[in-house]
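S.K.: Here's a structure for you.
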Amino acid sequence: MALERIVKPHIRSLQPYQPGKPAEELERELGISGAIKLASNESPVGPSPKALAAVRAELGNVHRYPDGASFGLRSALSRRLGVHARQLVFGAGADEILEFLAKTLLGPGDEAVFAWPSFAMYPIVVQGMGATPVGVPLDASYTHDLDAMRRAVTERTRLVFVCNPNNPTGTSVGAAAFDAFAASLPESAVLAVDEAYVEYVRRSDFPDALAWLERRPGTIVLRTFSKIYGLAGLRIGYGIADAELADYLQRARHPFNVSRVAEVAALAALDDREHVERSRRVNDEGVEYLGRELTALGIEVWPTDANFVLARTGPDLHDRLLREGVIVRPLATFGLADCVRISVGLPEENERLIKTLRRLLESAP
Ligand SMILES: *Cc1c(COP(=O)(O)O)cnc(C)c1O
């Protein structure tokens, strides 16, 4: 076939992202109902009622293109974060900001450094530009090994990702380690700090990555409305960068990449502090519950600063849970074949997971 000869080799060899299985798909496959999905770190609380009202009010305007500058959301976020409006870049999810970074900075011969296991999109966007992904193993506690990452940075490195808290392990790096790392990076690499889960963080010495925007040009912090704000299906996220980097990233962006509906929903969600607080509380309680109950079942769990927990369940439990209608994320493709990532659900979902696990463990395979 001729296509095989003309498609770029780095696209041909790309391993596509494997999303969590939708509950509807599992129900169709098994002929069951009532499956629960704890596999994609979505908010179990759902979207803010204020965001839903804003979406409904906007639907009559969808024959119009969106405001390509996202003026309303840009103003609100710049006030909220204490940054200049020019420093913000919006994307169809934070995923799209990763694409802008790759497109702006990477080509064949360039390298991008990130921890591994970490967010599966990093190697995909890097390889998508024909550049070289450099994954640096996590340390023994499954935390970013920032010293090893610093040693992996060469004169060919154009981009360094720090996923904090880290997906899929839930671990985070503290201010002292992060600040030393950021200060040590050469100017020839952009530092991208992925804070998709920042609103869930529990540790008190979490780094102030935004402070590095002034100290270190060539720095960007990524955030999203997909996690605590509960808008994953609408696709909206953003980057906060120094003004010069933001200006370059804007050139890589299509003018109408964020829909009208997503923008108004994000703006309303941002203002609904009560909804964010409730989502955080539900998560805190779920993290406590899952940690306690999984440990009681003899399953090792890692401390988490996010809305999911890493659990060492053994290699076959993922499939057995699936057959019971409970979807968690297998981590074999990350090199963690005996672990799963469990997204925190509503109390009744967490209880169903624990009850199912207990039953499966009692009736050994
Ligand atoms: C979920 C996630 C994102 C972004 O998701 P979007 O839905 O594209 O905003 C980015 N980084 C990490 C580590 C994530 O887990």
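The values are calculated or read from the model by the stated rules, or taken from the named source; none is laboratory data. As the structure is a computational prediction, the values presented were derived from the model and not from experiment. Positions of Cβ are generated from backbone atoms using ideal geometry, with glycine treated the same way; all protein chains shown enter the neighbour counts. For the accessible areas, the whole protein counts, side chains as well, though only heavy atoms, and no ligand, DNA or RNA atoms are used. Shrake-Rupley method; radii C 1.70, N 1.55, O 1.52, S 1.80 Å.
S.K.: Calculate the dipole size of the stretch 264-365 relative to its Cα centre from +1 charges on Lys and Arg beta carbons and -1 charges on Asp and Glu beta carbons; express the result in debye to the nearest 20.
M.R.: 280
S.K.: Let me know the Kirkwood hydrodynamic radius for the stretch 143-217, please, with Cα pairs as the basis and the value in Å to one decimal. Write out the running numbers ahead of the final one.
M.R.: On the way: mean 1/r = 0.0783 Å⁻¹.
One over the average 1/r among Cα pairs gives 12.8 Å for the stretch 143-217.
S.K.: For residue 162, which sequence-distant residues (separation of 5 or more, or a different chain) have an amide H within less than 5 Å of its own amide H, given hydrogens modelled in the peptide plane?
M.R.: Amide H neighbours of residue 162, under 5 Å, 5+ apart: 192, 193, 194.
S.K.: Roughly speaking, what is the stretch gain from residue 33 to residue 14, that is 0.36 nm per residue apart minus the C-alpha to C-alpha distance, in nm to one decimal?
M.R.: Answer, rounded to one decimal: 3.4 nm.
S.K.: Which whole-number percent of Cα pairs in the chain have a distance greater than 25 Å?
M.R.: Counting every Cα pair in the chain, those more than 25 Å apart make up 56 percent.
S.K.: I need the peptides 206-214, 262-270, 291-299 ranked by packing, meaning the mean over residues of other C-beta atoms within 10 angstrom, with the highest value on top.
M.R.: 262-270, 206-214, 291-299
S.K.: Step through the table entries 37/355; 103/227; 21/227, compare each Cα-Cα distance with 19 Å, and write down the pairs that go over it. Spell out each step's value before the answer.
M.R.: Numbers: 37/355 15 Å; 103/227 25 Å; 21/227 17 Å.
Long pairs (Cα-Cα over 19 Å): 103/227.
S.K.: FRET efficiency for residue 5 and residue 296, Cβ-Cβ distance as r, R0 = 41 Å, nearest 0.05?
M.R.: 0.10
S.K.: Related question: Using a Förster distance of 35 Å, how high is the FRET efficiency between residue 281 and residue 155, based on the Cβ-Cβ distance and rounded to 0.05?
M.R.: About 0.15, to the nearest 0.05.
S.K.: Treat every Asp and Glu Cβ in the chain as -1 and every Lys and Arg Cβ as +1, leave all other atoms uncharged, and give the resulting dipole magnitude about the Cα centre to the nearest 20 debye.
M.R.: 660
S.K.: For the stretch 207-276 and the stretch 31-106, compute the distance between their C-alpha centroids and round to whole Å.
M.R.: Answer, in whole Å: 8.
S.K.: Follow-up question, since we're still on this one. Of the heavy-atom accessible surface of the chain (probe 1.4 angstrom), what whole percent is carbon and sulfur?
M.R.: 53
S.K.: Take every DSSP beta bridge with both residues inside the chain and express the antiparallel ones as a percent of the total, to the nearest 5.
M.R.: So the antiparallel bridges in the chain amount to around 45 percent.
S.K.: Kindly sort 302, 116 by accessible area of their heavy atoms, largest first, with the probe set to 1.4 Å.
M.R.: 116, 302
S.K.: If you don't mind, another one. With a Förster radius of 35 Å, plug the Cβ-Cβ distance of residue 188 and residue 140 into 1/(1 + (r/R0)^6) and report the FRET value to the nearest 0.05.
M.R.: Plugging the Cβ-Cβ distance into 1/(1 + (r/R0)^6) gives 0.70.
S.K.: Among 122, 142, 65, determine the one that fluctuates most according to a GNM of the chain built with springs between C-alpha atoms less than 10 Å apart.
M.R.: Judging by the Gaussian network model, the answer is 65.
S.K.: Another one. Multiply the residue gap between residue 204 and residue 59 by 0.36 nm, knock off their C-alpha separation, and tell me the result in nm, one decimal place.
M.R.: 48.1 nm
S.K.: Please tell me the relative contact order of the chain in percent, rounded to the nearest whole number, where contacts are Cα pairs under 8 Å and at least six residues apart.
M.R.: 23
S.K.: Separate question: If the elastic network links every pair of Cα atoms under 10 Å, which of 290, 77, 159 fluctuates the most in the Gaussian network model of the chain?
M.R.: Maximum among the listed residues: 77.
S.K.: A further question follows. Calculate, for the chain, the solvent-accessible area per residue in square angstrom, rolling a 1.4 angstrom probe over the heavy atoms of the protein chains. Provide the component values of the computation, followed by the final result.
M.R.: Details: 16370 Å² over 365 residues.
Using a 1.4 Å probe on heavy atoms only, each residue of the chain averages 45 Å².
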